[in-house]
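All remarks here apply to the structure that follows.
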Amino acid sequence: MRPLLFGIAEGQATELDTKSAEHFIQVHERHISLENAQLLPQAARLLDHMQLETLGRSMAARRGVVFSGLIAIPFMCKTV
């Protein structure tokens, strides 16, 4: 997907292949669903606030976005 988007951004292409976009959406939705249902709740149980922040900053850096802090989500609250 990234090469297709770069091609559009660089003026080498003017259209996004519909099948590629639909495939990306399906894969991304499955990934996010698994991450939200299993990975994030487990991380909240196992990691402290600083470790979660480090994880968030790392994820933001990989995507080239600014880290804006952790969001208070019920399953992200670590219980003792």
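If you go through segment 30-65, how many residues are assigned to a helix (DSSP H, G or I) and touching a residue at least 24 places away in the same chain (Cβ under 8 Å)? Summing the residues that are assigned to a helix (DSSP H, G or I) and touching a residue at least 24 places away in the same chain (Cβ under 8 Å) in segment 30-65 gives 6. Taking the criterion of being among the β-branched types (Val, Ile, Thr) and either over 21 Å from Met59 (Cβ atoms) or in contact (Cβ under 8 Å) with a residue 40 or more places away in the chain (or both), the residues of segment 7-29 that qualify are Ile8, Thr14, Thr18.
So that you can scan it fast, the table gives a plain yes or no per residue for (1) at pLDDT 90 or above; (2) more than 26 Å from Leu55 (Cβ to Cβ); (3) surrounded by 12 or more Cβ atoms within 10 Å (Cβ to Cβ); (4) polar (S, T, N, Q):
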{"position": "Gly7", "(1), (2), (3), (4)": "no, yes, yes, no"}
{"position": "Leu16", "(1), (2), (3), (4)": "no, yes, yes, no"}
{"position": "His28", "(1), (2), (3), (4)": "yes, no, no, no"}
{"position": "Ala37", "(1), (2), (3), (4)": "yes, no, no, no"}
{"position": "Ala44", "(1), (2), (3), (4)": "no, no, yes, no"}
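On the stretch given as segment 42-63, residues that are closer than 22 Å to Arg2 by Cα and of a type in the set (Ser, Thr, Tyr) total 1.
The values are calculated or read from the model by the stated rules, or taken from the named source; none is laboratory data. Since we're looking at a predicted model, the values are computed, not measured. Glycine also receives a Cβ, built like all others from the backbone with ideal geometry; neighbour counts cover every protein chain displayed.
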